[in-house]
Ligand code: UDP
Ligand code: MG
């Protein structure tokens, strides 16, 4: 029989976990032809999430868990789950029931019977979301799909089921700065998309602030495109060309009409604009160098504090 494991990244989700476990177990019980189980990844929660997971694991021996030594972020939590799983099909689902477990049977059918490698959920409506946030996120997808080599489906969620081939491809990517939305699409394979409506969180609060989302978008762009670097080259070339032409013009003008002391305001403007452009280019270059620095350090993506998953002999 095939096995299916769902990874559940959890950060301060103690309130949502009982309802989540109940809903998912109900769906799992009705799956046929596959043995389904859960891997909870406690991402250094500060509430009683780990206790809640352990009490679930006590009652249900198929439940596995990993607990991090601190909060490493959802990307790290997903990676840990993917690396630890040995199942034929591996899924990812949020702990807050925003990803409806009712979709799981259909998704499983796509990868188990219909020949797809990935079954992934895509959010269709953005109702209940701030207008500004929707606008920014739409702009982000447009931009990244234009300038990067990974095409990201708008509204693509982490909620998905993948077969072993895909999982192996994902964990073979060694980068430290992990932008999963990009990685999931970069590895390729045949994907079936499932339209999914925005669900309300059962309990707890979102961990995403506007600033966090903004830096996340920047990570995505920098991680999957070098276009910003080219942008500073183009803008730099353009402004220095203008400066050169202006210098030529001034020389000719001075030779014909003599020197002229006016023009302090335009001078200051030019200095500010050029200075700003130089700093922006340096900043963009710095972002890439900073990421190279982090990659070169080769730090682990996460540190496990405790787990009930037995290490494999061959590792
Ligand atoms: N999460 C995590 N580590 C973090 C932040 C979030 O493991 O640092 C988990 C969280 O517990 C949830 C999922 O990632 O299961 C999605 O987070 P959230 O619901 O806050 O995001 P949203 O649904 O609002 O985009
Ligand atoms: Mg959520």
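Dividing the mean sequence gap of close Cα pairs (under 8 Å, 6+ apart) by how many residues the stretch 136-246 holds gives a relative contact order of 36 percent. Note on the chain: GNM, Cα springs under 10 Å; of 143, 79, 272, the largest mean-square fluctuation is that of 272. On the beta carbon distance between residue 278 and residue 70, with R0 = 45 Å, the FRET formula returns roughly 0.75. Distance between the modelled labels on residue 255 and residue 227, one decimal in nanometres: 4.3 nm (7 Å Cα→Cβ projection). Largest GNM mean-square fluctuation among 239, 191, 250, using the chain with Cα springs under 10 Å: 250. Of 158, 125, 96, the sequence from fewest to most neighbouring Cβ atoms within 10 angstrom is 125, 158, 96. Choose one answer from 67, 48, 37: the residue with the largest mean-square fluctuation in a GNM of the chain with alpha-carbon springs under 10 Å. Per the Cα network of the chain with a 10 Å cutoff, 48 tops the list. On a 0 to 90 degree scale, rounded to 10, what angle separates helix 264-297 from the longest Cα axis of the chain? Helix 264-297 sits roughly 30 degrees off the main axis of the chain.
When only C-alpha pairs under 8 Å and at least 6 residues apart count, what is the relative contact order of the chain, in percent? If you can, show how the numbers build up before the last one.
Details: 439 pairs, mean separation 69.0, N = 315.
Once divided by the residue count of the chain, the mean separation gives 22 percent.
Relative to the dominant Cα principal axis of the chain, helix 17-29 is inclined by about 60°.
Considering only DSSP beta bridges whose two residues both sit in the chain, what percent are antiparallel, to the nearest 5?
On the way: 11 of 34 bridges.
Expressed as a percentage, antiparallel bridges in the chain total about 30.
Between residue 309 and residue 106, the distance separating the two model label sites (each 7 Å from Cα on the Cα→Cβ line) works out to 2.9 nm. Here r is the Cβ-Cβ distance between residue 210 and residue 291 and R0 is 35 Å; the resulting FRET efficiency, rounded to 0.05, is 0.95. Among 257, 89, the order by Cβ neighbours within 10 angstrom, fewest to most, reads 257, 89. Remark: 86, 123 ranked as 86, 123, counting other beta-carbon atoms within 10 Å and listing the fewest first. Against the chain, whose longest principal axis is taken from its Cα atoms, helix 131-147 shows a tilt of about 80°.
Any read-out appearing in this document is the output of simple, stated calculations on the displayed coordinates, not a laboratory observation. Everything numeric here is computed off the predicted structure, so don't read it as measured data. Here Cβ is always computed from backbone atoms with ideal geometry, including for glycine, and neighbour counts include all displayed protein chains.
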